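Asker: Sharing a structure below in structure tokens format, with a few things to ask.
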Amino acid sequence: MGFDECYQLGNVVKTHGLRGELVFFLDVDFPEQYQEMESVFVELSGKLVPFFVESFHLQGERAIVALEEIESIEDAKPLVGKNLFLPLDRLPQLPEGKYYFHQLVGFELYDRDQLIGAVTAIYELPTYHLLNVDHQGVEVLVPAEDGIIQSVDLKEKVIKAELPDGLLDVYLEDKS
């Protein structure tokens with residue numbers, strides 16, 4: 001399974017105890033939806049390595065987790081700081097009208113009624129998200145903020161936005 005078929009669930013924060021348990025930070029809106037998780041992928045050396053979950057004890061955004069074949073603190077230490085992933089098909093269902101950012105890739109972005117271009121990627125930064133839009137061969141980064149994104153039509157694959165004045169000009173200026 002590749003990274004493009006998965007989403008990042010969180011990361012391994014530290015070891016817990018001497019029997020190889022780990023503390024996971026779950027970077028999700030509803031951590032309780034993951035209490036029945038049977039397996040998880042850990043990013044090791046640029047690859048996704050599957051591990052089966054033996055036990056999972058949720059504590060807010062963190063969980064104390066025992067993984068099969070991780071029997072000691074020595075086994076667990078190499079996993080600390082590593083990212084955790086799950087397949088996209090394991091994402092929880094969202095209410096009608098809600099969406100995950102990864103779903104927006106390929107959507108057409110409009111500024112009011114003007115087509116700006118297609119969303120080619122999403123950049124998830126710590127404080128906000130950016131839509132990477134191909135505008136006539138030029139990469140334009142559009143903040144995915146409530147004041148800018150006005151609506152998302154999942155069926156038509158259209159995003160209606162009101163771009164801040166001058167945003168496109170920044171990208172279209174001749175740099176020569």
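Asker: Restricting to region 101-144, name every residue that is within 22 Å of Asp4 (Cα to Cα), touching a strand residue (DSSP E or B) at 6+ places or on another chain (Cβ under 8 Å), without any contact (Cβ under 8 Å) to a residue 60 or more places away in the chain and outside any strand (DSSP E or B).
Answerer: Within region 101-144, Phe101, Leu104, Val105, Gly106, Phe107, Tyr128, Ala144 qualify.
Asker: Another question about this same structure. Can you tell me which condition Glu96 does not meet? The list is (1) at pLDDT 90 or above; (2) closer than 23 Å to Val28 by Cβ, and all the others hold.
Answerer: (1)
Asker: Same structure again: Going by what's in this entry, would Arg62 be described as out of contact with any strand residue (DSSP E or B) (no Cβ under 7 Å at 6 or more places or on another chain) and either loosely packed, with under 14 Cβ neighbours inside 10 Å or at pLDDT 95 or above (or both)?
Answerer: In short, no.
Asker: Identify, from the list Val158, Val65, the residue that is touching a Leu at 6+ places or on another chain (Cβ under 7 Å) and touching a residue at least 12 places away in the same chain (Cβ under 8 Å).
Answerer: It is Val65.
Asker: Among the listed residues Val13, Val42, Val80, Val49, identify the single one that is out of contact with any Phe, Trp or Tyr (no Cβ under 9 Å at 6 or more places or on another chain) and either at pLDDT 95 or above or buried (at least 17 other Cβ atoms within 10 Å of the Cβ) (or both).
Answerer: Going through Val13, Val42, Val80, Val49 in turn, the sole match is Val80.
Asker: While we're on this one: Could you tell me whether Glu36 is at pLDDT 95 or above, surrounded by fewer than 17 Cβ atoms within 10 Å (Cβ to Cβ) and charged (D, E, K, R)? Steps first, answer last, please.
Answerer: Numbers: at pLDDT 95 or above: no; surrounded by fewer than 17 Cβ atoms within 10 Å (Cβ to Cβ): yes; charged (D, E, K, R): yes.
For Glu36, the condition - at pLDDT 95 or above, surrounded by fewer than 17 Cβ atoms within 10 Å (Cβ to Cβ) and charged (D, E, K, R) - is not met.
Asker: Looking at Leu130, Leu125, Leu109, which one is within 13 Å of the chain's Cα centre (by Cα), crowded, with 17+ Cβ neighbours inside 10 Å and not assigned by TED's automatic domain parsing to the domain that holds Ser39?
Answerer: Values: Leu125 fails: crowded, with 17+ Cβ neighbours inside 10 Å; Leu109 fails: within 13 Å of the chain's Cα centre (by Cα).
One residue alone meets the criteria, Leu130.
The values are calculated or read from the model by the stated rules, or taken from the named source; none is laboratory data. Quick caveat: nothing in here was measured; it's all calculated off a predicted structure. Cβ coordinates were reconstructed from backbone atoms using ideal geometry, including for glycine residues, and neighbour counts include every protein chain displayed.
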